[in-house]
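Following: one structure in structure tokens, then a few remarks.
The values are calculated or read from the model by the stated rules, or taken from the named source; none is laboratory data. Bear in mind that the values here come from a model prediction, so they are computed numbers and not experimental data. Here the Cβ positions follow ideal geometry from the backbone for every residue, glycine too, while neighbour counts run over all protein chains shown. In case anyone asks, the SASA skips ligands and DNA or RNA and just uses the protein heavy atoms, side chains included. Shrake-Rupley method; radii C 1.70, N 1.55, O 1.52, S 1.80 Å.
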Amino acid sequence: MNIGLIGGGNIGRFLLQSINTNNLLVNSKIVGIYTRNPKSAQQLAAEFDTEVFDDIQSLLQSNIDLVIEAATVEVVKEYAAQVLSSGKDLVLSSVGALSDLNFIHSLEEICKENGKKIYLPSGAIGGLDVLKAAKSNGELDSVSIITRKPPQALPGAPLDIEQVLFEGSARDAIELFPKNINVSIILSLAGLGPDKTRVKIISDPGIKKNSHNIEAAGSFGTLSLKVENDPMPNNPKTSYLAALSVLSSLKNKDAVIQVG
């Protein structure tokens, strides 16, 4: 499988290392990369034996089979439709872009017209299989998540005291914290949607890792799950599990036996 990569940050570098250098994805290679930082792109291309493209259209016209987005919410909104319309499947890292239901519906229509798929990695959380199962029969009543992060990872957070920075819906959370709360959107897509998924974001100077406490209830019973994420070795602002989940999505996309 020939893969195109949009984005050259921490997750992009991790995927290049895992796929091109460590060969963790059988018979696959990231053959092209597009970023808005030409200098960084050239450095990555030289290090990981891939080709740099100056614009998204050139990348899509190359011999790639699939595109990974590992950039930002804004990049998804700008390029997702182009990628799918060009006949490429798409793996989304910045799932916060899907807080807009109209945007989701438009991408769904493009997928149907072109026979393509969007893959959404689970990111830095778990429990999505339980939510999908409960939702399948309309018997999921409530879903909430409490995210606790060090203040350095949250814009405008006080450095010396614990403080609740946000409490409300997943839709509002992703608008205010587009780089910090992607987990709430993937949770809402598996469950009750962005308006009915409750989110609390806490800045805590006493911790060094991100943690997510998920609570859900319905006729199935109750779910209580805590995930504490180690950061990526080279960047404390990015969850290692989020990067691993992208690689996992790629490994399992064509699996004969699907779990969950």
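Given C-alpha coordinates of the stretch 180-237, what is the ratio Rg to Rh with the Kirkwood estimate of Rh?
1.01
Would you mind computing, in nm to one decimal, how far apart the modelled labels at Gln17 and Asn2 are, each placed 7 Å from Cα along Cα→Cβ?
Taking the simple label geometry, Gln17 and Asn2 are separated by 2.7 nm.
At a 1.4 Å probe, what is the % contribution of carbon and sulfur to the accessible area of the stretch 111-181? Provide the component values of the computation, followed by the final result.
On the way: 1860 of 3890 Å².
Within the stretch 111-181, the accessible surface is 48 percent carbon and sulfur.
Order of 249-259, 67-77, 50-60 by packing, highest average Cβ count within 10 Å first?
Details: 249-259: 10.7, 67-77: 22.0, 50-60: 16.8.
Packing order, densest peptide first, comes out as 67-77, 50-60, 249-259.
Taking 41 Å as R0, compute the FRET efficiency from the Cβ-Cβ separation of Arg36 and Lys251 and round it to 0.05.
Values: r = 28 Å, r/R0 = 0.69.
With R0 = 41 Å, the Cβ-Cβ based efficiency is 0.90.
Above 16 angstrom, tally the Cα pairs of the stretch 164-260 and express them as a % of all pairs, no decimals. If you can, show how the numbers build up before the last one.
Working: 3043 of 4656 pairs.
Counting pairs separated by more than 16 Å, the tail of P(r) holds 65 percent.
Taking N as the number of residues in the stretch 1-150, what is its Cα Rg relative to 2.2 N^0.38 Å? Before the final figure, lay out the partial values.
Working: Rg = 16.8 Å, N = 150, 2.2 N^0.38 = 14.8 Å.
My calculation over the Cα atoms of the stretch 1-150 gives 1.13.
Around Val75, what is the net charge, scoring Lys/Arg as +1 and Asp/Glu as -1 over all other residues with Cβ under 14 Å from its Cβ? Walk me through the numbers on the way to the answer.
Working: positive: Arg36, Lys77, Lys179; negative: Asp55, Glu69, Glu74, Glu78.
Its environment carries a net charge of -1.
Give me, ordered by chain and number, the residues 5 or more places off Phe166 or on other chains with an amide H under 5 Å from its own placed amide H.
Answer set, sorted by chain and number: Ile201.
Taking +1 at the Cβ of each Lys and Arg and -1 at the Cβ of each Asp and Glu, which of Val246, Ile207, Leu101 sits farthest along the dipole of the chain towards its positive end, judged by Cα position relative to the Cα centre?
Of the options given, the answer is Ile207.
Placing +1 at every Lys and Arg Cβ and -1 at every Asp and Glu Cβ, with all other atoms neutral, what dipole size does the chain have around its Cα centre, in debye to the nearest 20? Could you put the intermediate results ahead of the total?
Details: 24 positive and 28 negative charges, 78 e Å.
Approximately 380 debye in magnitude.
What does the charge count near Ala217 come to, summing +1 for each Lys or Arg and -1 for each Asp or Glu among other residues with Cβ under 11 Å from its Cβ?
Numbers: positive: none; negative: Glu139, Asp141, Glu215.
Computed value for this residue: -3.
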